[in-house]
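Step one of this worksheet: look at the structure below.
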Amino acid sequence: MHVAGSHLEDPATGEFNLPFLREEFPGEDFSVVTFARWEEGLVIAAGNPKDIRKIDDLARKNVKFVNREPGSGSRGLLDKLLQKTGWARMRFRGMSASPMVNLAAAYCVMSHEADVCLATRSAAQTFGLDFIALHSERYDLVMRRQTAEFPAAKAFLDVLQRATLRRKLEVLPGTIHPRRECWLHKLFPIGFVIATGLMAADFDWKLPKGFPSPTVPADNPMSAAKVELGRRLFYDKRMSVNGKMSCASCHRQELAFTDGRAHAEGTTGEPHPRSSMSLVNVAYVPFLTWANPTLTSLEEQALVPMLGEAPIELGPKREGAGVPGPRARRSCLSKTISPSISR
C-alpha cells in the first residue's frame, strides 16, 4: 500500500485525519493531500417509507439499522452524533454484519436487509435511494514522504491537479472539491489511516506462488470495495426476475463454480443448450462464454446473465417492481466496476 484515503474527524478539535496520524505514528514523515469534501448522512429507501428524519429515529423498534465497522469514519461520525443527541448508549435493531464500505452499506438498504445506514450521498444515488445529509467531511490522501518522491506518485499527484479530472469529479453527487487545487500538507509526524487501496497496482490479490497478477483495464482498477460489493451481488437472489436465483445458483463454489448439470436452467426453469461455465481462474481466460469468442471483457460479459432473454438466466425485470430492473441493474453494475472513491 502506497496511498491511503482517510476521513477521520477528531471529536475534540473538529480537525480531520491529522490528529490521528500524529498520535499513531510519532516521528514519521508523511505527505497528506486534501482531495475533496463529501456529504455523509442517512441513506434510506426511496420515498422514505419508515419516515426516518433524524438520528434519533434509529432507536425506533420498527427501524433496522446497518452499522459500519469499528474504526471507520462513518462509525466515528455515528458516535459523535449520538453524543450530541444524548443517545450515546442507544441500542439499535440492526444487522449482525458490519459492511466495510459505503456502497455495501447502501446496498443493504436497497436490498431491504436494512431500513437505513450511514453513508455518502453518492452511495445513495448509486442505488436510487433517498439521502438526508448530516455532516460534511474532508477526504485526504496519505502517503509516506519517501513514497511522494516516486515517479508514479508524482504522476498521480499531477493527475489530481488536472482540470479534466476535476470536471469529471464535480458531477459526483455530494462531493465538493477544494477550490482549484489539492492542498498538500508536509507533516512531521502524522498517522492513522483507513486504507482503501486507491492504486490498482497495490491491490492485494492474495495469489498462490507462481501466479501472475491478472491484467486489469486501465479505466477499471481493482479495489476492496468492488470485491465486497461484488460478493454480495453474486449471492443476492433479488437480482433475478422472480427472486429465486442468484449468480451463485448456477456457479456453486463447491463444484468449481458450476452447477453440475449437463444443461443449466435459468431462474424461470428454461433449459439452456449448454452447462454453466466454471468461473475458476476466469481472470486468465482469453474469452468468457461457450459460444461467443469475441466477448473478452468481464464488464460486458456480466450483463449477459443479468439482462439476456434468449435464454433467460436471471431474467430482465420490469422497472419499479421492487427489484432493480434492467436499467437500474446496468447502472448499478457500471458504477460498481468503474473507478470511484468508495469508502
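Before moving on, here are some points about what is shown:
- Only a single item in (1) modelled with pLDDT under 90; (2) over 16 Å from residue 105 (Cβ atoms); (3) assigned to a helix (DSSP H, G or I) is not met by residue 242, and it is number (3).
- Counting only residues that are assigned to a loop (DSSP other than H, G, I, E, B) and either touching a residue at least 24 places away in the same chain (Cβ under 8 Å) or in contact with a Ser or Thr (Cβ under 9 Å, 6 or more places away or on another chain) (or both), the range 275-284 holds 6 of them.
- Whenever a residue of the range 129-140 is in the same structural domain as residue 103 (by TED's automatic domain parsing) and assigned to a strand (DSSP E or B), its partners that are crowded, with 20+ Cβ neighbours inside 10 Å and among the aromatic types (Phe, Trp, Tyr), lying with C-beta atoms within less than 8 angstrom and at least six residues away or across chains, give the pairs 136/38; 137/16; 137/38; 138/16; 139/35; 139/38; 140/16; 140/35.
- The one condition in (1) modelled with pLDDT of 75 or more; (2) crowded, with 17+ Cβ neighbours inside 10 Å; (3) among the β-branched types (Val, Ile, Thr) that residue 194 fails to fulfil: (1)
- Residues of the range 107-128 satisfying the condition of being in contact (Cβ under 8 Å) with a residue 60 or more places away in the chain and among the charged types (D, E, K, R): 115, 121
- So residue 249, is it among the polar types (S, T, N, Q), surrounded by 12 or more Cβ atoms within 10 Å (Cβ to Cβ) and in contact (Cβ under 8 Å) with a residue 24 or more places away in the chain: no
- Here residue 50 does not fit the description of being among the charged types (D, E, K, R) and either out of contact with any helix residue (DSSP H, G or I) (no Cβ under 8 Å at 6 or more places or on another chain) or modelled with pLDDT under 85 (or both).
- Residue match in the range 316-330 (condition: farther than 30 Å from residue 73 by Cα, at pLDDT 80 or above and either of a type in the set (Lys, Arg) or in the same structural domain as residue 140 (by TED's automatic domain parsing) (or both)): no
- Output for the range 118-144, where each listed residue is of a type in the set (A, V, I, L, M, F, W, C), surrounded by 18 or more Cβ atoms within 10 Å (Cβ to Cβ) and within 15 Å of residue 75 (Cα to Cα): 118, 119
- Flag for residue 20 being under 30 Å from residue 152 (Cα atoms), out of contact with any strand residue (DSSP E or B) (no Cβ under 7 Å at 6 or more places or on another chain) and buried (at least 19 other Cβ atoms within 10 Å of the Cβ): yes
- Filter pass, residue 168 being at pLDDT below 80, charged (D, E, K, R) and in contact with a strand residue (DSSP E or B) (Cβ under 9 Å, 6 or more places away or on another chain): no
The values are calculated or read from the model by the stated rules, or taken from the named source; none is laboratory data. Everything numeric in this text was worked out from a predicted model, so none of it was measured. Glycine gets a Cβ as well: all are built from the backbone with ideal geometry, and neighbour counts include every protein chain shown.
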